Structures are given as structure tokens and as C-alpha cells.
1. If each residue's Cβ is checked for other Cβ atoms within 10 Å, how do K153, K64 rank with the fewest at the top?
2. Could you bin all the Cα-Cα distances of the range 90-172 into 10 Å bins starting at 0 and give me the percent of pairs in each, rounded to whole numbers?
3. So what J values fall out for the range 148-165 if you push phi through Karplus, 6.51 cos²θ - 1.76 cosθ + 1.60 with θ = phi - 60°, rounded to Hz, Gly and Pro as x?
4. Pick out which of S83, S105, S40 has the largest mean-square fluctuation in a Gaussian network model of the chain, springs linking Cα atoms closer than 10 Å.
5. Which residue, E86, E137, E41, tops the fluctuation ranking in a GNM of the chain built on C-alpha contacts under 10 Å?
6. Give me, ordered by chain and number, the residues 5 or more places off L134 or on other chains with an amide H under 5 Å from its own placed amide H.
7. Quickly rank 95-101, 53-59, 139-145, 4-10 as a protection proxy: mean count of other C-beta atoms within 10 Å, highest first.
8. Would you compute, for the Cα atoms of the chain, the largest minus smallest coordinate along each principal axis and list the three values in descending order, in whole Å?
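Nothing in this text is a laboratory measurement; each read-out follows from the coordinates by a stated rule. All figures in this text were calculated on a predicted structure; none of them were measured in a lab. Glycine also receives a Cβ, built like all others from the backbone with ideal geometry; neighbour counts cover every protein chain displayed.
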Amino acid sequence: MIVITAGHSNTDPGAVNGVVTEANIVTDFRNMVAYYLRRSERDFRTDGEDAINLPLRDAIRLIKPGSIAVEFHCNAHANLAASGVETLSGDEMRPLGRRLCDTVSVLLGIPNRGAKGEASGQHSRLGFVQAGGLILELFFLSNNHDLRAYLDKKWLVARAVAQVLCDADDGR
Ligand SMILES: [Zn+2]
């Protein structure tokens, strides 16, 4: 079973760059990945459809033993030059994290910051990781170059991420 969820929620925008919010970006991304999973007739769960982005406690409930569970976020930093993709997870999900980082890094042309442990990030949503899931920090929303690369290529990234998740699900 694949579980894909969008970070933050309809009441918590997360990071912001101008009029762009992290919650809107990752909800849109979740919908695009869901489109490709549906097209490949996968069994999967999401934390809402269209503009719905349920809060973390609901996202965590979707994770069952053996799930491939990924929550999408964007990074942000006061240093606007900070750039790249990274994942946060427990050891068991580290290989999946490395594949996701490689995929996003190559497609967006941004640094690969690597598959990190759960204590490495700035996010406090690690309940998702403790439940066995992985957090994918797609890029830095605070970096205009990262954001532009993402907006240009988001469908390609969504298709490739869906493929990585399908491969991981097949390997279970
Ligand atoms: Zn976030």
C-alpha cells in the first residue's frame, strides 16, 4: 500500500514565498502524484483530494504496517541561497529516501542533500516518521531558483516520484 500526504493543512500554510504557500505547493504535488498512481491502477491512500489537505493526525492514521508512506514538504531558510532536496526518515526507509533524492535532484537540477535521519530537519512533524513514514522536502521554497525549476518541471517530478513509489511497493 502506498500512502501520499501533503504537509501542513488547510489551516497551516507552512513556509511562504510571496503569494506561494508550502501547503498549496505540496497539496498540488500530492494530487499530481495521485494522478500517476491512479493511472497505473495502484492501491493508494491520500490525506484528501483536490484542495483538501487534512492535518497531520489524520495523515498518520493512514499509515499501516508495510505501507510505503511519504509526506511532501518544502524546505525554507533565512539564507535564501539554501537549495536542494532531502528526505527525513528512519533507517528502514533510507534506501527509498536516497532514490527520491536522486530523482528530484536530477530532474530539478538542484543539490542532493541526501536521505537524513529523523532529527535532521526543521520540521516538527516527525510523528509521521515515527509512524514509519518518510518526509520528502522537495526543494527550498525560500530559494527563487529552486521554486522556478519546480514550477517548470513539476509534472515530470510527480511522474518520476510516482514511479519510485511503485517500484518500492513492488519490492515489499
Ligand atoms: Zn513543511
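1. With the sparsest Cβ surroundings first, the list reads K64, K153.
2. Going out from 0 Å in 10 Å bins, the range 90-172 shows 17, 47, 33, 3 percent.
3. Once rounded to whole Hz, the list reads 5, 4, 5, 5, 5, 10, 4, 5, 5, 5, 4, 5, 5, 5, 4, 5, 4, 5.
4. Greatest mean-square fluctuation among the candidates belongs to S40.
5. Of E86, E137, E41, the Gaussian network model singles out E41 as fluctuating most.
6. Residues meeting the criterion, in which the H sits 1.01 Å from N, are A69, V70, E71.
7. 4-10, 139-145, 95-101, 53-59
8. Result, largest extent first: 38, 32, 32 Å.
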